[in-house]
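The values are calculated or read from the model by the stated rules, or taken from the named source; none is laboratory data. Keep in mind it's a predicted model, so treat the numbers as computed, not measured. Quick reminder, even Gly has a Cβ in these numbers, built from the backbone with ideal geometry, and neighbours come from all protein chains shown. Keep in mind that these areas ignore ligands, DNA and RNA; they rest on the heavy atoms of the full protein, side chains included. Shrake-Rupley method; radii C 1.70, N 1.55, O 1.52, S 1.80 Å.
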Amino acid sequence: LPVQSAITHPRPGAAVPPGELTVKGYAWSGGGRRVVRVDVSLDGGNTWRAAELAQGERVAPGRAWAWVWWELRAPVE
């Protein structure tokens, strides 16, 4: 399966002040493959930034059945 992802912060429709925004969420994949990258767009898909993945236990190949937390810090106007 392609990587699936959900945003957990900020909530949909939340007003965010100018400055640095922290976007958080989780992602998962299928077939025992671990998530190695999550890209986030803050402008409707015009540009993309790579989020940082949470560091967890190392999982043997073919055994990555869980989700992973991700986080992106980016400036917003």
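Of the residues in the stretch 27-43, how many are aliphatic (A, V, I, L, M) and either open to solvent by less than 30 Å² (accessible area, probe 1.4 Å) or outside any loop (DSSP other than H, G, I, E, B) (or both)?
Of the residues in the stretch 27-43, the ones aliphatic (A, V, I, L, M) are 27, 35-36, 38, 40, 42.
Cutting the leftovers down to either open to solvent by less than 30 Å² (accessible area, probe 1.4 Å) or outside any loop (DSSP other than H, G, I, E, B) (or both) gives us 27, 35, 38, 40.
Here the count works out to 4.
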Determine which single condition Arg49 fails, assuming it passes every other condition in (1) more than 12 Å from Pro75 (Cα to Cα); (2) in contact with a Ser or Thr (Cβ under 9 Å, 6 or more places away or on another chain); (3) surrounded by 12 or more Cβ atoms within 10 Å (Cβ to Cβ). (1)
